[in-house]
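**Student:** Just dropping this structure here.
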Protein chains: 2
Amino acid sequence: MIRRPSAVFLAFLLASGAAFAADLTEQYRATADKLIAAALADTEGYNRLAYLCYRIGHRLSGSQGLEKAIAWSVETMKAAGLSNVRVIPAKVPHWVRGAESARMLTPLDRPLHMLGLGMSIGTPPGGITAPVVAVATFEDLAKLGRARIQGKIVLYNQEYRGYGPTRLYRSNGAARAAEFGAVAALVRAVTPLAMQIPHTGEMRYDDNQPKIPAAAVSPEDAMMMARLFDDGVPVTVHLEMGAQMLPDADSGNVIGEIPGREHPEEVVVMGGHIDSWDVGQGAQDDGASIVACLQAVAIMKKLGLQPRRTIRVAFWVNEENGGRGGVAYREFVGDKIKDQVAAIEMDGGAEAPLGFGAGVDAPSMALLQQIGKLLNPIGAGEITAGGGGSDIGPLLRDGVPGLGERTAGTHYFDWHHTDADTLDKVNPEDFRKNVAALAVMGYALADMPERLVAAAGGAPR
Amino acid sequence: MIRRPSAVFLAFLLASGAAFAADLTEQYRATADKLIAAALADTEGYNRLAYLCYRIGHRLSGSQGLEKAIAWSVETMKAAGLSNVRVIPAKVPHWVRGAESARMLTPLDRPLHMLGLGMSIGTPPGGITAPVVAVATFEDLAKLGRARIQGKIVLYNQEYRGYGPTRLYRSNGAARAAEFGAVAALVRAVTPLAMQIPHTGEMRYDDNQPKIPAAAVSPEDAMMMARLFDDGVPVTVHLEMGAQMLPDADSGNVIGEIPGREHPEEVVVMGGHIDSWDVGQGAQDDGASIVACLQAVAIMKKLGLQPRRTIRVAFWVNEENGGRGGVAYREFVGDKIKDQVAAIEMDGGAEAPLGFGAGVDAPSMALLQQIGKLLNPIGAGEITAGGGGSDIGPLLRDGVPGLGERTAGTHYFDWHHTDADTLDKVNPEDFRKNVAALAVMGYALADMPERLVAAAGGAPR
């Protein structure tokens, strides 16, 4: 009897649980409505984003742009009235692109639309000139074999099939091509949209294979060279890249908070990454997210709201090419990991918000769904399984319940890691809805009596 | 009684007219179905387009690319079995872009995404460095006046409102800015899509105003500089353009035909322009059109069809920056203008065909609608008022009935006059439908007993 609860007791638990959950919606409705109204009327957040995009611009780890953005973030968090604003130091990889270009020499002499991939080595001075071998997949590559690939430039003309599967060619293409003796790798930009614009992003070497330079080319250039190759027309390319790795640079995460009125030691953290690739303005990836998180908390402050627990904004550093910010934040938390009540990451752009993905147990999902109802008026109330993100990964792996803010993502991968990731891509109305969604979810999680419990089986990887 | 036809006679005319029109549909149904089936099964046309795009590429008036394209066209028309293949000589303007670049120097040092406008002068050696004054409209420009504009670079940040109205800033922006003492003009690319890509196109000077260099910038760069300017942040730009006009070059229109079996002297001409801007591949503008016209006639030839009148394919030259090809064709026709039975122009890309616009009288519209019915199976049967095009303008002004092939045009102005106007933008299935539409319309017009009559009031201008 002691070990097995009676049916009556189970019924009581379910009934009280349901009542409890309904209470959560009712309990926060007035506050949520105030937060949403304030967020939708806010212009300060978008103006802050405009400053970040137009006055600071892109901000790759190791760059002056990043350090300028960090200084501005500290200043802006203070101006928003946040407490305990500080930089959590982190050493970050310092990759620099240098001068780079590619030309097709035969059958026509044409400049190619290229962007070196992040972390690639450069070419020898004077560049590399070699025939191109075009493949669509790793299987095609293996079929061609070393005899056809040795000394050639491998072009991966992999059509976009969603970011996850297609990015493998960007990440691993050079290493796999090197295995067969290729001298460089060109990768069709990972994007559904062909507008003659290349997309950069991280690549990785295999310690057991030679390092060869790797660059993205526009979908158009990839399709053109692949068709010529398939038609038996010899394609020759000249590639020059001045990329190099410098010693690690000093940088850091920026955090600021509203201390909890009852449990200041317990923390709900929400944020995104402050670094970006060295092209465009890092507007959707991930400037809009960090500014939306900041503005969500700025609005609580303006409304005089102080949740029971601390609500903290984090601008993590080096998400794009190292993940050192997420690791440094985990170290900063140290043995107080149990006090990290929840972690919310936003890193999918700031198109219209849909809701949140969460890696939590079933009772916690029920609680989140009650909070979600408060966001239905702005279309952001959908709570789904999943969630997380690379910056909060180190927290989630140690049991912190993790959420990912989800957005429509209609055009996100058109702009992702390109020169076209600019302020104009962030619709002000959508941006404000994101601020509202983050404000309501962040406030409720930091204030509600209950705590979320991470799903069994650990964080998504 | 002689001068006023009786009601009975009118009723007879109407009835026979209706029967006649119905006859036209019935008369050509079998032939149309054969042409459509052959066009939809054809791969040769798209392969020809691929050659033009990938092996020859862009082809501005005066360039080697154009002359290569002309030689290839002669060869290809002959290979398709056309008769009387020849080049009608035309002198064309020879504008060359030269090296060009633009940078924003303040408030951030950033390269701008620019393309000089066609026919612009260059900058002095070493370029121009000047503050930017941003306006949205010509009215804004006039309001600012000479005191604010003198010595500055004028940026037109005109949002896309359809090609017609928006292109005025590209065409006339430099002349209008020069009126107020501007030293250069930058024009937001004329496009609904912002993907950090500039769109070139023709501009014109005003003989009463100084000539100043003019370039397009990407929508993103235009929006950024305009917002900074509006916020009171000084924006400085350095512009360098090596553009120049060389003496007129020798070039020409390419024509080929199937001579009419009864009236070889009567001609239905259909075509597009062989020249393109000096970026991308001129795939949608207007490579796909000329190859579709050629292939439509090639398919007639393969099917052993010989219409009553001559059906002629024309690849007009210099549509983009001078219109000399259309004028040369008119001169070539000379006093035999009455034998030009109809002229069909295709210059709106090769997305899914919708039908034809026509500038003809009401009875002729009824005939065209009967032919249109034959194209309903491929969605291309819509006959609307309007039509024409700049290459056939000189014919239409002298009374030749003109048609313009119309297509969906969903993305046409995303790609127009850019580096992204490449083969991949031409959907093979849509391309084949265009071939089918041209083949049916061209054949019926060349074969039917009736002749179209141009609408009163002359050609659209």
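The values are calculated or read from the model by the stated rules, or taken from the named source; none is laboratory data. All values derive from a computational prediction rather than experimental measurement. When we count neighbours, we look across all protein chains shown, and the Cβ atoms used for this are built from the backbone with ideal geometry, even at glycine.
**Student:** I want to confirm something. Restricting to the range B:55-81 and keeping residues that are without any contact (Cβ under 8 Å) to a residue 60 or more places away in the chain and basic (Lys, Arg), which single residue is nearest to the other protein chains (Cβ to nearest Cβ)?
**Tutor:** B:55
**Student:** Say whether the condition of being aliphatic (A, V, I, L, M), assigned by TED's automatic domain parsing to the domain that holds residue A:302 and within 27 Å of residue A:416 (Cβ to Cβ) is met by at least one residue in the range A:30-39. Even if it seems obvious, please write down each step before you answer.
**Tutor:** Here is the first cut: in the range A:30-39, the residues aliphatic (A, V, I, L, M) are A:30, A:32, A:35-39.
Next cut, assigned by TED's automatic domain parsing to the domain that holds residue A:302 only: A:30, A:32, A:35-39.
If we keep only those that are within 27 Å of residue A:416 (Cβ to Cβ) too, we end up with A:39.
Within the range A:30-39, one or more residues are aliphatic (A, V, I, L, M), assigned by TED's automatic domain parsing to the domain that holds residue A:302 and within 27 Å of residue A:416 (Cβ to Cβ).
**Student:** So, one more: Among what's in the range A:406-421 and is in a helix (DSSP H, G or I) and within 12 Å of chain B (Cβ to nearest Cβ), pick the residue that is nearest to the chain's Cα centre (by Cα). I'd like the intermediate steps shown before the answer.
**Tutor:** Our first condition is that a residue be in a helix (DSSP H, G or I); within the range A:406-421, this holds for A:412-415.
Next, only the ones that are within 12 Å of chain B (Cβ to nearest Cβ) stay: A:414-415.
Numbers: A:414: 15, A:415: 13 Å.
Here the residue is A:415.
**Student:** As an exercise: evaluate residue A:37 against (1) in a helix (DSSP H, G or I); (2) of a type outside the set (Ser, Thr, Tyr); (3) buried (at least 18 other Cβ atoms within 10 Å of the Cβ) and give the number of the one condition it does not meet.
**Tutor:** Residue A:37 satisfies every listed condition except (3).
**Student:** While we're here: Could you figure out which of (1) under 30 Å from residue B:100 (Cα atoms); (2) under 12 Å from the mean Cα position of the chain (by Cα) isn't true of residue B:290?
**Tutor:** The number of the failed condition is (1).
**Student:** Can I ask one more? I'm trying to understand the selection: among the residues of the range B:347-405, which are closer than 16 Å to residue B:296 by Cα, part of a loop (DSSP other than H, G, I, E, B) and more than 15 Å from the chain's Cα centre (by Cα)?
**Tutor:** The answer is B:352, B:374, B:375, B:380.
**Student:** Only one residue in B:148, B:188 is within 14 Å of residue B:214 (Cα to Cα), of a type in the set (Lys, Arg) and either touching a residue at least 24 places away in the same chain (Cβ under 8 Å) or outside the structural domain of residue B:413 (by TED's automatic domain parsing) (or both), so which one is that? Step through it out loud before you land on a result.
**Tutor:** Details: B:148 fails: within 14 Å of residue B:214 (Cα to Cα).
None of the others qualify; the one that does is B:188.
**Student:** Moving on to the next point. Select from the range B:157-185 the residues that are over 24 Å from the mean Cα position of the chain (by Cα) and in contact (Cβ under 8 Å) with a residue 40 or more places away in the chain and list them in ascending order.
**Tutor:** B:157, B:182, B:183, B:184
**Student:** Search the range B:288-338 for residues being under 24 Å from residue B:49 (Cα atoms) and of a type in the set (Phe, Trp, Tyr), and hand back the single one that is surrounded by the fewest Cβ atoms within 10 Å (Cβ to Cβ).
**Tutor:** B:329
**Student:** Give, as residue ranges, the strands (runs of 3 or more DSSP E) completely inside the range A:52-139 that count at least 3 residues that are assigned by TED's automatic domain parsing to the domain that holds residue A:301.
**Tutor:** Details: elements: A:83-96, A:100-106, A:114-116, A:128-135.
Per the criteria, A:83-96.
**Student:** From the list B:222, B:216, B:226, exactly one residue is in contact with a strand residue (DSSP E or B) (Cβ under 6 Å, 6 or more places away or on another chain) and part of a strand (DSSP E or B). Which is it?
**Tutor:** Values: B:222 fails: part of a strand (DSSP E or B); B:226 fails: part of a strand (DSSP E or B).
That would be B:216, the only listed residue that is in contact with a strand residue (DSSP E or B) (Cβ under 6 Å, 6 or more places away or on another chain) and part of a strand (DSSP E or B).
**Student:** If I filter the range A:79-135 down to residues being over 17 Å from residue A:235 (Cα atoms) and among the polar types (S, T, N, Q), which single residue comes out as surrounded by the most Cβ atoms within 10 Å (Cβ to Cβ)?
**Tutor:** Initially, the range A:79-135 is screened for residues over 17 Å from residue A:235 (Cα atoms), giving A:79-100, A:115-126.
Adding the requirement that they be among the polar types (S, T, N, Q) leaves A:83-84, A:120, A:123.
Details: A:83: 15, A:84: 13, A:120: 28, A:123: 23.
That would be A:120.
**Student:** While we're here: Would you call residue A:263 under 22 Å from residue A:53 (Cβ atoms), touching a helix residue (DSSP H, G or I) at 6+ places or on another chain (Cβ under 9 Å) and not β-branched (Val, Ile, Thr)?
**Tutor:** So residue A:263 does not fit the description; no.
**Student:** Say whether the condition of being in contact with a strand residue (DSSP E or B) (Cβ under 7 Å, 6 or more places away or on another chain), closer than 23 Å to residue B:28 by Cα and part of a helix (DSSP H, G or I) is met by at least one residue in the range B:422-435.
**Tutor:** To start, the set of residues in the range B:422-435 that are in contact with a strand residue (DSSP E or B) (Cβ under 7 Å, 6 or more places away or on another chain) comprises B:433-434.
Cutting the leftovers down to closer than 23 Å to residue B:28 by Cα gives us B:433-434.
Of the ones still in play, those that are also part of a helix (DSSP H, G or I) are B:433-434.
So far as the range B:422-435 goes, yes, one or more of its residues are in contact with a strand residue (DSSP E or B) (Cβ under 7 Å, 6 or more places away or on another chain), closer than 23 Å to residue B:28 by Cα and part of a helix (DSSP H, G or I).
**Student:** Scan (1) among the charged types (D, E, K, R); (2) in contact with a Gly (Cβ under 8 Å, 6 or more places away or on another chain); (3) part of a loop (DSSP other than H, G, I, E, B) for the single condition residue B:451 breaks and write down its number.
**Tutor:** Exception for residue B:451: condition (2).
**Student:** Could you tell me whether any residue of the range B:226-249 is more than 14 Å from every other protein chain (Cβ to nearest Cβ), crowded, with 24+ Cβ neighbours inside 10 Å and more than 30 Å from residue B:129 (Cα to Cα)? Reasoning before the result, please.
**Tutor:** At the first step, the residues of the range B:226-249 found to be more than 14 Å from every other protein chain (Cβ to nearest Cβ) are B:236-249.
Cutting the leftovers down to crowded, with 24+ Cβ neighbours inside 10 Å gives us B:237, B:239, B:241.
Among the residues that remain, those that are also more than 30 Å from residue B:129 (Cα to Cα) are: none.
No - not one qualifying residue is present in the range B:226-249.
**Student:** Among the residues of the range B:175-204, write down those that are more than 14 Å from chain A (Cβ to nearest Cβ) and closer than 25 Å to residue B:282 by Cα. Spell out how you get there, then give the answer.
**Tutor:** Residues of the range B:175-204 that are more than 14 Å from chain A (Cβ to nearest Cβ), as a first pass: B:175-187, B:190, B:201-204.
If the condition is that a residue be more than 14 Å from chain A (Cβ to nearest Cβ) and closer than 25 Å to residue B:282 by Cα, then B:186, B:187, B:190, B:201, B:202, B:203, B:204 are the ones that fit.
**Student:** For the condition in contact with a Leu (Cβ under 9 Å, 6 or more places away or on another chain) and assigned by TED's automatic domain parsing to the domain that holds residue B:89, what is the one hit in B:295, B:284? Please lay out each step first, then the result.
**Tutor:** On the way: B:284 fails: in contact with a Leu (Cβ under 9 Å, 6 or more places away or on another chain).
On inspection, the qualifying residue turns out to be B:295.
**Student:** A further question on this structure: Kindly list, by first and then second residue, each pair from a residue in the range A:408-434 that is within 28 Å of residue A:383 (Cβ to Cβ) and assigned by TED's automatic domain parsing to the domain that holds residue A:297 to a residue that is of a type in the set (Ser, Thr, Tyr) and part of a loop (DSSP other than H, G, I, E, B), limited to pairs with Cβ atoms under 6 Å and residues at least 6 apart or on different chains.
**Tutor:** A:413/A:191
**Student:** Please enumerate the residues belonging to the range A:281-305 that are closer than 15 Å to residue A:38 by Cβ and either at pLDDT below 95 or outside any helix (DSSP H, G or I) (or both).
**Tutor:** Those that are closer than 15 Å to residue A:38 by Cβ and either at pLDDT below 95 or outside any helix (DSSP H, G or I) (or both): A:303, A:304, A:305.
**Student:** Would you point out the residue of the range B:424-460, among those that are within 14 Å of chain A (Cβ to nearest Cβ) and surrounded by 24 or more Cβ atoms within 10 Å (Cβ to Cβ), that is farthest from residue B:373 (Cα to Cα)? Explain how you work it out, then say what you get.
**Tutor:** Residues of the range B:424-460 that are within 14 Å of chain A (Cβ to nearest Cβ), as a first pass: B:424-428.
Among the residues that remain, those that are also surrounded by 24 or more Cβ atoms within 10 Å (Cβ to Cβ) are: B:425-426.
Working: B:425: 28, B:426: 25 Å.
If we take residues in the range B:424-460 being within 14 Å of chain A (Cβ to nearest Cβ) and surrounded by 24 or more Cβ atoms within 10 Å (Cβ to Cβ), then B:425 is farthest from residue B:373 (Cα to Cα).
**Student:** Taking the conditions exactly as written (within 28 Å of residue A:420 (Cβ to Cβ), in contact (Cβ under 8 Å) with a residue 60 or more places away in the chain and within 14 Å of another protein chain (Cβ to nearest Cβ)), does residue B:112 satisfy them or not? Walk me through how you get there before you give the answer.
**Tutor:** Values: within 28 Å of residue A:420 (Cβ to Cβ): yes; in contact (Cβ under 8 Å) with a residue 60 or more places away in the chain: yes; within 14 Å of another protein chain (Cβ to nearest Cβ): yes.
Yes; evaluated as a whole, the condition is true for this residue.
**Student:** Looking only at the range A:132-146, filter to residues that are more than 14 Å from chain B (Cβ to nearest Cβ) and within 22 Å of residue B:422 (Cβ to Cβ); which one of those is farthest from the chain's Cα centre (by Cα)?
**Tutor:** Going residue by residue through the range A:132-146, those that are more than 14 Å from chain B (Cβ to nearest Cβ) are A:133, A:135-146.
Pick out the ones that are also within 22 Å of residue B:422 (Cβ to Cβ) and you get A:133, A:135-136.
Numbers: A:133: 33, A:135: 29, A:136: 27 Å.
Top of the filtered list is A:133.
**Student:** Show the residue pairs that are 6+ apart or on different chains and have beta-carbon atoms under 8 Å apart, the first residue being within the range A:387-404 and buried (at least 24 other Cβ atoms within 10 Å of the Cβ) and charged (D, E, K, R), the second being in a loop (DSSP other than H, G, I, E, B) and at pLDDT 95 or above.
**Tutor:** Short answer, once both residue conditions are applied: A:391/A:319; A:391/A:323; A:391/A:347.
**Student:** I'm told residue A:217 meets every condition in (1) β-branched (Val, Ile, Thr); (2) more than 14 Å from every other protein chain (Cβ to nearest Cβ); (3) closer than 30 Å to residue A:92 by Cβ except one. Can you identify the failing condition by its number?
**Tutor:** (2)
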